[in-house]
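Some notes on the structure that comes next.
The values are calculated or read from the model by the stated rules, or taken from the named source; none is laboratory data. Predicted model, so just to flag it, every value in this text is computed and none were measured. No Cβ is skipped: glycine too gets one built from the backbone with ideal geometry, and neighbour counts run over all protein chains shown.
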Amino acid sequence: MGTMKKELDALYSAFLKAENKVGGGEGLIGIYGSMTQAGTCAIMGAMAEHAGMGPDSVLVDIGAGLGRPLLHAVLEQGVKKTYGVELDAVKCQKAVPFIQHTSSLLAAEGVTLQQSALPKLICMGAEQLSSLEPATHVYAAWEGFPTEAMLAVGRLFAASPSAKAITVVQRSMRKEDPAAVMEELGFGPVRCVGPPIQVYMAGSRRQLNAYMF
């Protein structure tokens, strides 16, 4: 087993312990659920391979929950900064100790997360955001988002001079052109990069697809 695989296994073990410590990942708003380790690995790996996400990148997660995907990107892709946008005040309150507990648990296993890269939480909805700066890459597991929030993300992405790629996770767009759907949501002309990535929610095993533009 490679070193990174061992470190990622330690990260996801820490997630479970840290989530129990903060009383679970549920909040008051939106859908609760986290993606499997394999699914997040596939998405972050594709963002690195096809969209150049790496040590010079800044990743923002819209609908960040407790910040799991951001912490994954800090460990595996070595991104230099991460921001989480979360509307649910309860999840925002839980996220701060969750991130601290996860970092401490990993440190005890000899795995160091770059402290300056740990997620900074912005507790508001996408509609209240004024900008995506300084994000270079955007991630949104937006299944269940209201259309108004998707339109807000589209406007922000289209207006951003720094954001160069976005990955969204949702139900399959089998019968639609994904790029055309995104254009209708205000993203401007975009190109779908690679085939959709099938991912599963932990526990429920619900299948969703990740699309990168």
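Per-residue answers, yes or no, for (1) farther than 21 Å from HIS50 by Cβ; (2) within 17 Å of the chain's Cα centre (by Cα); (3) buried (at least 19 other Cβ atoms within 10 Å of the Cβ):
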{"site": "GLU148", "(1), (2), (3)": "yes, no, no"}
{"site": "ARG155", "(1), (2), (3)": "yes, no, no"}
{"site": "ARG171", "(1), (2), (3)": "yes, yes, no"}
{"site": "VAL190", "(1), (2), (3)": "no, no, yes"}
{"site": "TYR211", "(1), (2), (3)": "no, yes, yes"}
Would a scan of region 172-194 turn up a residue that is closer than 16 Å to LEU208 by Cα and in a strand (DSSP E or B)? no
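Could you go through region 7-22 and let me know if any residue there is within 22 Å of LEU132 (Cα to Cα) and assigned to a helix (DSSP H, G or I). Reasoning before the result, please.
So the first thing to find is which residues in region 7-22 are within 22 Å of LEU132 (Cα to Cα), and the list is none.
Within region 7-22, not a single residue is within 22 Å of LEU132 (Cα to Cα) and assigned to a helix (DSSP H, G or I).
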Residue under evaluation SER103, criteria (1) more than 24 Å from GLU143 (Cβ to Cβ); (2) buried (at least 17 other Cβ atoms within 10 Å of the Cβ); (3) touching a residue at least 60 places away in the same chain (Cβ under 8 Å), criterion not met: (3)
If we scan region 141-161, do we find a residue that is touching a residue at least 24 places away in the same chain (Cβ under 8 Å), assigned to a strand (DSSP E or B) and in contact with a Ser or Thr (Cβ under 8 Å, 6 or more places away or on another chain)? no
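Residues are listed down the side, and each one gets a yes or a no for (1) closer than 26 Å to THR82 by Cα; (2) at pLDDT below 95; (3) small (Gly, Ala, Ser):
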site: THR167; (1), (2), (3): yes, no, no
site: ASP177; (1), (2), (3): no, no, no
site: VAL190; (1), (2), (3): yes, no, no
site: GLN198; (1), (2), (3): yes, no, no
site: MET201; (1), (2), (3): yes, yes, no
site: ARG205; (1), (2), (3): no, yes, no
site: ALA210; (1), (2), (3): yes, no, yes
Of ALA73, ALA108, which residue is of a type in the set (Gly, Ala, Ser) and farther than 26 Å from VAL193 by Cα? ALA108
Got a sec? Which of GLY78, GLY65 is within 11 Å of the chain's Cα centre (by Cα), in a loop (DSSP other than H, G, I, E, B) and touching a residue at least 12 places away in the same chain (Cβ under 8 Å)? GLY65
